[in-house]
Amino acid sequence: MLKKTPATALRAPLAVITGYAEQHLTLALPEFIGQRYTDTPGLIDRPLVDGHVPQRPACRFCTRRAGIDARVTCWMTHDRNICLRHLLWIGEGCSEPSDQVDLSPLPATAQAQRHHHNLINRHGRRWVSLAFADATKIFSTWKERSTFGPRETITHRLTSLTRPSGEPVAADLAFAAGFHPEIIRLSGLLASDHWERTGLRKGGLAPFVREVSRRHIIKGFDPDGLDDPLIQWLRDRANHYNMAQHLNKWDILTVLLHEETTRRLTKRLRTDLRTCPLPQPRY
Ligand SMILES: [Zn+2]
């Protein structure tokens, strides 16, 4: 059976051919990073090249500004959705540079980028990355079920963005950019250790649900019973922790709650306690 050659095996020959040192190639190409945990300067917080990290074109104006005419494709971390220098959407739905659209009609979307970075500083990249993916799915289900309104607001958000030619943008891009501020606010709620514990404890569901309205994620949020995607998210979390505790295998959590970037080997963040064995698990 043929085995696929690992990318790291190509680093040394490529260094000989190109004349660049292996360590410089590793800094330029995340495919050459061989460890998930490293203390090597320059490699911490670089994208982990796996099925969870999307590849998308870099901002077409930044590329042109750097004097590059060819297409530049990047391994994107989940927070790279907007070029604030050019107010251009470069996130979900942009498979070609020409898909990147001007965000002037949706100023709140551009402002949400700063909120997004504040969340990463507060809660840690791993938790915000997971929360952002979950918040996007939850919000998409709410939209399909018409959980929120009014309808004119939704239509306005979904039709505000147009390509330079005047054509409307694709539905996935319109949704991701149109509801980006609410998705970021929901990500903040899901990434919060405090609110996760509140939602999971006895009697904590009501304050957790009220927090959805208080944060202006959905005004007057009233979940659709156990079938509501946000309630289902809480139940899934409880199942993960119960399973890890029951089997006494906390490694399961590091698989389920995967990382987005390479992390430090030493001086791990305290927020990683959520995937570590605890003498008395809090959940
Ligand atoms: Zn740019």
GLY67: passes all of (1) on the phi < 0 side of the Ramachandran plot; (2) modelled with pLDDT of 95 or more but (1)
Do we have any residue at all in the range 37-46 that's modelled with pLDDT under 95, surrounded by fewer than 17 Cβ atoms within 10 Å (Cβ to Cβ) and within 16 Å of the ligand (Cβ to nearest atom)? no
Can you name the residue in the range 94-123 that is touching an Asp or Glu at 6+ places or on another chain (Cβ under 7 Å) and farther than 22 Å from THR254 by Cβ and, of all such residues, is surrounded by the most Cβ atoms within 10 Å (Cβ to Cβ)? HIS116
Quick check, is SER104 within 26 Å of ALA66 (Cβ to Cβ), out of contact with any helix residue (DSSP H, G or I) (no Cβ under 6 Å at 6 or more places or on another chain) and away from the ligand (no atom under 16 Å from the Cβ)? no
Residue check, VAL49 touching an Asp or Glu at 6+ places or on another chain (Cβ under 6 Å), β-branched (Val, Ile, Thr) and away from the ligand (no atom under 16 Å from the Cβ): yes
Some residue of the range 107-114 being in contact with a strand residue (DSSP E or B) (Cβ under 9 Å, 6 or more places away or on another chain), in contact (Cβ under 8 Å) with a residue 60 or more places away in the chain and more than 16 Å from the ligand (Cβ to nearest atom): yes
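To keep it simple, each residue is scored yes or no on (1) farther than 21 Å from GLY51 by Cα; (2) of a type in the set (S, T, N, Q).
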{"residue": "PHE132", "(1), (2)": "no, no"}
{"residue": "ALA135", "(1), (2)": "no, no"}
{"residue": "THR141", "(1), (2)": "yes, yes"}
{"residue": "ARG145", "(1), (2)": "yes, no"}
{"residue": "GLU152", "(1), (2)": "yes, no"}
{"residue": "HIS156", "(1), (2)": "yes, no"}
Across (1) at pLDDT below 85; (2) touching an Asp or Glu at 6+ places or on another chain (Cβ under 6 Å); (3) not basic (Lys, Arg), TRP250 clears everything bar (2)
Could you tell me which residue of the range 60-88 is nearest to the chain's Cα centre (by Cα), considering only residues that are more than 11 Å from the ligand (Cβ to nearest atom) and not in a loop (DSSP other than H, G, I, E, B)? TRP75
Quick test of your reading of the structure: GLU31 fulfils all but one of (1) closer than 25 Å to GLY91 by Cα; (2) in a helix (DSSP H, G or I); (3) out of contact with any helix residue (DSSP H, G or I) (no Cβ under 7 Å at 6 or more places or on another chain). Name the failing condition by number. (3)
Check on ARG126, surrounded by 15 or more Cβ atoms within 10 Å (Cβ to Cβ) and either within 16 Å of the ligand (Cβ to nearest atom) or over 28 Å from ARG264 (Cβ atoms) (or both): no
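The values are calculated or read from the model by the stated rules, or taken from the named source; none is laboratory data. Bear in mind that the values here come from a model prediction, so they are computed numbers and not experimental data. Counting neighbours? That spans all protein chains shown, and the Cβs are built from the backbone with ideal geometry, glycine included.
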